[in-house]
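Student: This structure is in structure tokens; I'll ask about it shortly.
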């Protein structure tokens, strides 16, 4: 353990309210193309109503909205050098007029750093998370070992970054910047809705021999659609207990038009599953208590982009 980590370990637990960040990870928004809000947004607000009133609950919807920036794609700096991947991301910056970025405009790096725990809610799209959530977590590659000193690489010099990564100094700089927090994941999906034949192959598929339902991913363990996000967190020192990683099936056999948030709200089994997940989250976070050093982490998550 380096000196900085040792000092952080020695910090007393802060006497303050617990701080949370809730993220609705669907792309759908009432102010976007569908004209309807997502189930993720509905569930996020349901969760807000179940949290202890003394806790400080922040929340954000990363859905698509007309006139609102989207999360810019990760440029893969870490593939060139870990030291080129700056914490927090300096490929983009806040309030840009030429590359507007939702991660920075919503100050998500600071808000993630400020929180003791995160609750991520989103749909299963084509056997995985939504593009919005995947983009957010791609942009969080810098939380795992990212370079906190862009001044040492003249902001973005590839050669200087590669030299820094090869130097003894790098081991003193690289660390997991959001380590110690808890993340919880709740995903949902309709398992194909009303699109399937009795054998679970797609009804309108012309070449049915090309699709074997027995070879589909997950086979009853649909929460694994989010396994990439879960393991990214665990890899980065963020705790994801199995009990806080859940999936619920909503609207199976129904047309998509009849599988909206108000339809979900009428599914008692789905609501019970979600409420139990929220209660388990509250229990775990309360028992764990505040994460030391969040104020320092929030200060370290400021933009360094001119």
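Student: Using Cβ contacts closer than 10 Å as the measure, can you line up 158, 250 from fewest to most?
Tutor: On the way: 158 13, 250 24.
Ranking 158, 250 by Cβ neighbours within 10 Å, fewest first, gives 158, 250.
Student: Percent relative contact order of the stretch 137-263, based on C-alpha pairs within less than 8 angstrom and at least six residues apart?
Tutor: Values: 133 pairs, mean separation 41.8, N = 127.
33 percent.
Student: Now for a different question. Given an 8 Å cut-off on Cα distances and at least 6 residues of separation, report the relative contact order of the chain as a percent.
Tutor: 24
Student: Using Cα-Cα distances under 8 Å and only pairs 6 or more residues apart, what relative contact order does the stretch 1-141 have, in percent?
Tutor: 32
Student: Would you calculate the convex hull of the Cα atoms in the stretch 61-129 and tell me its volume per residue in Å³?
Tutor: In the stretch 61-129, the Cα hull volume divided by residue count equals 136 Å³.
Student: Just how many % of Cα pairs in the stretch 79-169 lie over 23 Å apart, if you round to the nearest whole percent? Walk me through the numbers before you get to the answer.
Tutor: Numbers: 1424 of 4095 pairs.
Roughly 35 percent, rounded to a whole number.
Student: Still on this model: Suppose R0 equals 25 Å; then what is the FRET efficiency for residue 208 and residue 269 from their Cβ-Cβ distance, rounded to the nearest 0.05?
Tutor: 0.20
Student: A further question follows. What order do you get for 77, 33 when you list them from fewest to most C-beta neighbours inside 10 Å?
Tutor: Values: 77 22, 33 11.
By the 10 Å Cβ count, ascending, the order reads 33, 77.
Student: Against the longest alpha carbon principal axis of the chain, how many degrees, from 0 to 90 and to the nearest 10, is the axis of helix 39-48 turned?
Tutor: 60
Student: Once you have a ≥ b ≥ c as the square roots of the Cα gyration tensor eigenvalues for the stretch 186-271, tell me rounded if a/c is under 1.5, and otherwise prolate or oblate according to whether a/b is larger than b/c.
Tutor: The shape class here is oblate.
Student: Once Rh is set to the Kirkwood radius over Cα pairs, what Stokes-Einstein translational diffusion coefficient, in µm²/s, holds for the chain at a temperature of 25 °C and a viscosity of 0.890 mPa s?
Tutor: On the way: Rh = 20.8 Å.
Estimated via Stokes-Einstein, D reaches 118 µm²/s.
Student: Here's another thing I want to ask about it. For the Cα atoms of the chain, what angle does the longest principal axis make with the long axis of helix 268-288, in degrees from 0 to 90, nearest 10?
Tutor: Computed tilt is about 20 degrees.
Student: Which of 215, 267 comes first, and how do the rest follow, when ranked by fewest Cβ neighbours within 10 Å? Show your work: numbers first, answer last.
Tutor: Values: 215 7, 267 16.
Lowest count first: 215, 267.
Student: Once each part is reduced to its C-alpha centroid, what is the distance from the stretch 36-103 to the stretch 227-254 in angstrom?
Tutor: Centre-to-centre distance over Cα atoms comes out at 18 Å.
Student: I've got another one for you. For the chain, what does the helix formula give at 222 nm: sum of -39500 (n - 2.57) over DSSP H segments with n ≥ 4, over the residue count, nearest 500 deg cm²/dmol?
Tutor: Helices in the chain give a 222 nm mean residue ellipticity of -8000 deg cm²/dmol.
Student: Report the FRET efficiency, 1/(1 + (r/R0)^6), for residue 16 and residue 276, where r is their Cβ-Cβ distance and R0 is 30 Å, rounded to 0.05. Each step should come with its number before you reach the end.
Tutor: Values: r = 28 Å, r/R0 = 0.92.
Calculated transfer efficiency: 0.60.
Student: Taking every DSSP beta bridge that has both residues in the stretch 105-240, what percent is antiparallel when rounded to the nearest 5?
Tutor: Values: 3 of 11 bridges.
So the antiparallel bridges in the stretch 105-240 amount to around 25 percent.
Student: Let me ask you something else. Within the chain, what percent of beta bridges assigned by DSSP are antiparallel, to the nearest 5?
Tutor: Working: 3 of 28 bridges.
Looking only at bridges with both residues in the chain, the antiparallel portion is about 10 percent.
Student: Simple spin-label model, 7 Å along Cα-to-Cβ: residue 227 to residue 262 in nm?
Tutor: Modelled inter-label distance: 3.8 nm.
Student: Next up: In square nanometres, what is one fourth of the surface area of the convex hull spanned by the alpha carbons of the stretch 110-263?
Tutor: Mean orientational projected area (the stretch 110-263, Cα hull): 13.1 nm².
Values quoted throughout were computed directly from the atomic coordinates according to the rules given, and no laboratory measurement underlies them. Only a predicted model underlies this, so the values are computations on that prediction, with no experimental measurement involved. Note: ideal-geometry Cβ built from the backbone for every residue, glycine included; neighbour counts use all protein chains shown.
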